[in-house]
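Single-structure report; data block below.
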Amino acid sequence: MAQTMKDILNRMLNHEELTREEMKNILIGITQSEYPTEQITALLTALQMRGVTVDELLGFRDGILETGVPAVLQADRYIDVVGTGGDRKNTFNISTTACFVIAGAGYKVAKHGNYAATSVSGASNVIQHHGIKFTDDIDKLNRSLNEAGIVYLHAQLFAKAMKFVGPIRKALQFPTIFNLLGPLVNPSQPKCQLLGVANLDQMRLYNQVYQKIGIDYGIVNSIDGYDEISLTGDFKVTTNNYERIFKPQDLGFAIAKPEELVGGATEEEAAEIFDSVLENRALPAQKNIVLANAGFGIQVLEKGQKSIEECIAIARESIDSGAALKTFKKFVELNS
């Protein structure tokens, strides 16, 4: 490797930015145990204090995808719905529920997720709670995508680099560049993504990242700090086609109360809310929040050719007709 970590750290102290290629090489070096823990810790801290650039983020993404396990799916167009997490709101599994509603409407979904970091129940928790066995077997994954319309990619089976930095991230106790990478390292590299972010700085960063990657995207943020459309107040949406602030009532939804979004105190309580939405017996606010997020996901899949009202109507039909629940049951049957 041409540059030592000492050179890199001196450049960081000098407030210089690193190139995409340099960051990729550093990430690969980390997976080959080339640097002592102290140097990696210093690098992550320096990046966090200065703020990560688009190319630095993309470089680490390139490295994670290159050193990881790819998931080559036999479908041209599918979506991942995901949040950056870390909004500390402990909401129920809104993105994951929305994924099954989108799949129930006849679209393809490749959901990438992990165990909870800051909430009671992450995507992998709620999926596993229903008896799903995680796999990186590509034939099984493609069968799930083709027969159920949805596949679940458990992050730990694919991103091999993450285990090298796990202990450092735990010890640091503050967010690092790796917190920003989760939504960008889906091993199937979907051409469509709906991403929830916790603040507008993140929205700007990911907006530039997605433009460079060249995919169809929607980025959503609730102005009161949720990393999804919470319907607790105004929310902002940025896509390939528009940037706009919506009020819940613009889409015919009542304003939700924060307590109506809480995922509960246990994994069981979170799973019960997930089930209740798919079974169409949830609180109106819980159903509406899933419909809103699924609707914007469908609009991304449709390349913005359908109005958001049409897309929410498609999501509503998926729940009301029982299609979303049927899709989930088929998914459980194929993946248990």
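The values are calculated or read from the model by the stated rules, or taken from the named source; none is laboratory data. Owing to the predicted nature of the structure, the values given are computational and were not obtained by experimental measurement. Using ideal geometry, Cβ is built from the backbone for each residue, glycine included, and neighbour counts are taken over all protein chains shown. To get the accessible areas, we keep the full protein, side chains included, count just its heavy atoms, and leave off ligands, DNA and RNA. Shrake-Rupley method; radii C 1.70, N 1.55, O 1.52, S 1.80 Å.
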Where residues in the stretch 74-90 are open to solvent by less than 20 Å² (accessible area, probe 1.4 Å) and within 19 Å of K140 (Cβ to Cβ), which of them is farthest from the chain's Cα centre (by Cα)?
-> Y78
Determine, yes or no, whether R316 is of a type in the set (K, R) and buried (at least 17 other Cβ atoms within 10 Å of the Cβ).
-> yes
If we keep only residues of the stretch 123-143 that are part of a helix (DSSP H, G or I) and not hydrophobic (A, V, I, L, M, F, W, C), then the residue farthest from A71 (Cα to Cα) is H129
N93 vs. criteria at pLDDT below 95, within 18 Å of the chain's Cα centre (by Cα), more than 22 Å from I219 (Cα to Cα) and of a type outside the set (A, V, I, L, M) | no
Where residues in the stretch 214-238 are polar (S, T, N, Q) and not in a loop (DSSP other than H, G, I, E, B), which of them is surrounded by the fewest Cβ atoms within 10 Å (Cβ to Cβ)?
-> T238
Residue pairs meeting the criteria (Cβ under 7 Å; at least 6 apart or on separate chains; first farther than 18 Å from V54 by Cα and in a loop (DSSP other than H, G, I, E, B), in the stretch 14-31; second open to solvent by less than 70 Å² (accessible area, probe 1.4 Å) and not small (G, A, S)) = none
Of the residues in the stretch 264-274, those that are over 16 Å from Q128 (Cα atoms) and surrounded by 14 or more Cβ atoms within 10 Å (Cβ to Cβ) come to G264
Within the stretch 239-256, can you find the residues that are part of a helix (DSSP H, G or I) and among the polar types (S, T, N, Q)?
-> Q249
Considering the stretch 104-158 alone, what residues qualify as being open to solvent by less than 30 Å² (accessible area, probe 1.4 Å) and polar (S, T, N, Q)?
-> S121, S124, N125, T135, N142, S144
Which condition breaks for N293 when tested against (1) of a type in the set (S, T, N, Q); (2) in contact with a strand residue (DSSP E or B) (Cβ under 8 Å, 6 or more places away or on another chain); (3) surrounded by fewer than 23 Cβ atoms within 10 Å (Cβ to Cβ)?
-> (3)
